[in-house]
Amino acid sequence: MPFKARRPAGGFRVMYEYANRLSDLGYDVHITYPLKTRYMEYRLPYFLRYVLSYIEGFRTSKWFDFRHNISMSYANTINNRSVKDSDIIIATWWANAVKMGKLESRKGKKINFIQGYENWIGHEDELHASYNMEGVTNIVVASYLKEIVEKYTQNPTLLIPNAIDKDKYKVLESIEGRKPASICMLYSIQEIKGSNYGLEALAQVKEECPELTVDLFGICPEPEDLPDWITFYRDPKDLCLIYNRNAIFISNSLTEGMALTPMEAMFCGCAAVLTDIEGHAEYGKNNETALLYEARNSDELANKVMSLIVNNENRISLAKRGNTFIQQFSWDIAVNKMDKIIKSLVKK
């Protein structure tokens, strides 16, 4: 892993789910967290990260429940001394994967697990080279990523779309019975999440629809000066309940790998209004499974939301089609694919 995440994060949750579910299949799983990875922007200097690794141990990973037999360790950096010998080694985040690519064969058959087109800090030549490391199999989480990666390598590049825990995220409140003018939205201070555009659109909708209520959630502090018709939940323990008491979910992301939050909302029966980006394309089919709008266009978002509020039958129909379509992205399917890939690599 690129580092140890102290707060919930989608890419980490995906890897942790694989760790748990492969452990359930009988795999011996170990997670290594380097303290230094090239190009990683750290909040704390190395010395403090080193000290905290001893003080904290792994107690700050409590936002995710790991299986008891999964082991973990810190490493100053990824090299042959710090990584255990294994049958398979999986790295995520491109600079981390480059380090993995240089390890000796006794560290295991190598998988580069690609969760996004990670070009936001530049260094594209090195990023593209990370797709083409000798003896490495690439696994991507979305079809558009497969197309990108295959431009830069002849290495095997396999698709396993992201998945959702269907036992955790499901319809509890009938889609038909929900208040049409009820919306939920992820809020983030990260610019790429586009939250300000969502808030602008919601203010427009409120002017046309005074009965509008909004549930906002996220891991960052509550934004200042929220109106009383918006309720903010910081790091909520049961997102399923938030999704189920709302009719509509909106996503404002400017870029994503394959976004998990809209998938969770669709599993729970929300009608989804999503930015028209590649990270939503695996499940966001315009006018079929979701409504799509141009990223940063808060006017178009407001119009799309209003179209669902004023035409409740369309909202219900869209939510049901989305809920049916999203069922294919289950963890049972994803882990079965991963298990088969690993076993085929080990046999080689």
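The values are calculated or read from the model by the stated rules, or taken from the named source; none is laboratory data. Computed from a predicted model, the values in this text were never measured in an experiment. With ideal geometry, Cβ positions are generated from the backbone for all residues, glycine too; neighbour counts draw on all protein chains shown. Areas reflect the complete protein model, heavy atoms only, side chains present, ligands, DNA and RNA absent. Shrake-Rupley method; radii C 1.70, N 1.55, O 1.52, S 1.80 Å.
Label Gln327 and Asn312 with points 7 Å out from Cα along Cα→Cβ: what is the distance between them in nm?
So the two model labels end up 2.5 nm from each other.
Can you grab the distance from the C-alpha centre of the range 176-207 to the C-alpha centre of the range 213-258, Å, no decimals?
Computed from Cα coordinates, the inter-centre distance equals 8 Å.
Any idea how far apart Ala203 and His128 come out in nm if each label point goes 7 Å out from Cα toward Cβ?
So the label points at Ala203 and His128 sit 4.2 nm apart.
What dipole magnitude, in Debye to the nearest 20, does the chain give about its Cα centre under +1 on Lys/Arg Cβ and -1 on Asp/Glu Cβ?
Computed charge dipole of the chain: roughly 1780 debye.
Can you list the HN-Hα couplings for the range 257-273, worked out from phi with the Karplus curve (6.51, -1.76, 1.60; θ = phi - 60°), rounded to whole Hz and with x for Gly and Pro?
Calculated HN-Hα couplings, in order: x, 8, 5, 8, 4, x, 5, 4, 4, 5, 4, 8, x, 6, 6, 9, 10 Hz.
Cα axis of helix 10-24 to longest principal axis of the chain: angle in degrees, 0 to 90, nearest 10?
Around 60 degrees separate the two axes.
Positive end of the charge dipole of the chain (Lys, Arg +1 and Asp, Glu -1 on Cβ, about the Cα centre): tell me which of Gly177, Asn119, Pro223 has its Cα farthest that way.
Asn119
Could you order the peptides 36-43, 9-16 from most to least packed, using the average number of other C-beta atoms within 10 Å per residue?
Working: 36-43: 12.6, 9-16: 19.0.
Peptide ranking by packing, descending: 9-16, 36-43.
I want to check the label-to-label distance for Asp87 and Phe47. Put each point 7 Å from Cα in the C-beta direction and report it in nm to one decimal.
It is 4.5 nm.
Over 24 Å between Cα atoms: which of Lys179/Lys206; Lys4/Lys166; Lys84/Lys340; Lys146/Lys343 fall into that group? Mind showing how you got there, number by number?
Details: Lys179/Lys206 15 Å; Lys4/Lys166 26 Å; Lys84/Lys340 22 Å; Lys146/Lys343 21 Å.
Cα-Cα > 24 Å for Lys4/Lys166; rest within.
In nm, what is the difference between 0.36 nm times the number of residues separating Arg67 and Asp228 and their Cα-Cα distance?
Between Arg67 and Asp228, full extension yields an extra 53.9 nm.
Between the range 121-169 and the range 23-79, how far is it from one alpha carbon centroid to the other, in angstrom?
Centre-to-centre (Cα) distance: 23 Å.
With a probe of 1.4 Å, find how much accessible area the chain has per residue, and write the answer as a whole number in Å².
On the way: 16590 Å² over 348 residues.
For the chain, the solvent-accessible area averages 48 Å² per residue.
Could you check how much of the accessible area of the range 86-130 is carbon and sulfur, as a whole percent, using a 1.4 Å probe?
That share works out to 50 percent.
Once you've got the GNM for the chain with C-alpha springs shorter than 10 Å, pick whichever of Cys270, Cys209, Cys240 has the biggest mean-square fluctuation.
Cys209
By how many degrees, between 0 and 90 and to the nearest 10, does the Cα long axis of helix 312-326 differ from the longest principal axis of the chain?
So the inclination is approximately 10 degrees.
Along the range 95-109, what does the Karplus equation 6.51 cos²θ - 1.76 cosθ + 1.60 (θ = phi - 60°) give for ³J(HN,Hα), rounded to whole Hz, x for Gly and Pro?
Using θ = phi - 60°, the values come out as 5, 5, 5, 4, 4, 4, x, 8, 6, 5, 4, 5, 7, x, 4 Hz.
Counting only the backbone N, which residues of the range 247-276 are under 15 Å from the spot 7 Å out from the Cα of Lys320 toward its beta-carbon?
Backbone N within reach: 269-271.
Given the Cα-Cα distance of Glu176 and Asn196 and 0.36 nm per residue of separation, how much length would full extension add, in nm? Intermediate results must be reported in sequence, preceding the final value.
Values: separation 20, 0.36 × 20 = 7.20 nm, distance 2.96 nm.
Full extension from Glu176 to Asn196 adds 4.2 nm.
If you stretched the chain out fully between Asp165 and Arg7, how much longer would it get, using 0.36 nm times the residue separation minus the C-alpha to C-alpha distance? Don't skip to the end; give the middle numbers.
Working: separation 158, 0.36 × 158 = 56.88 nm, distance 1.91 nm.
Value of the extension gain: 55.0 nm.
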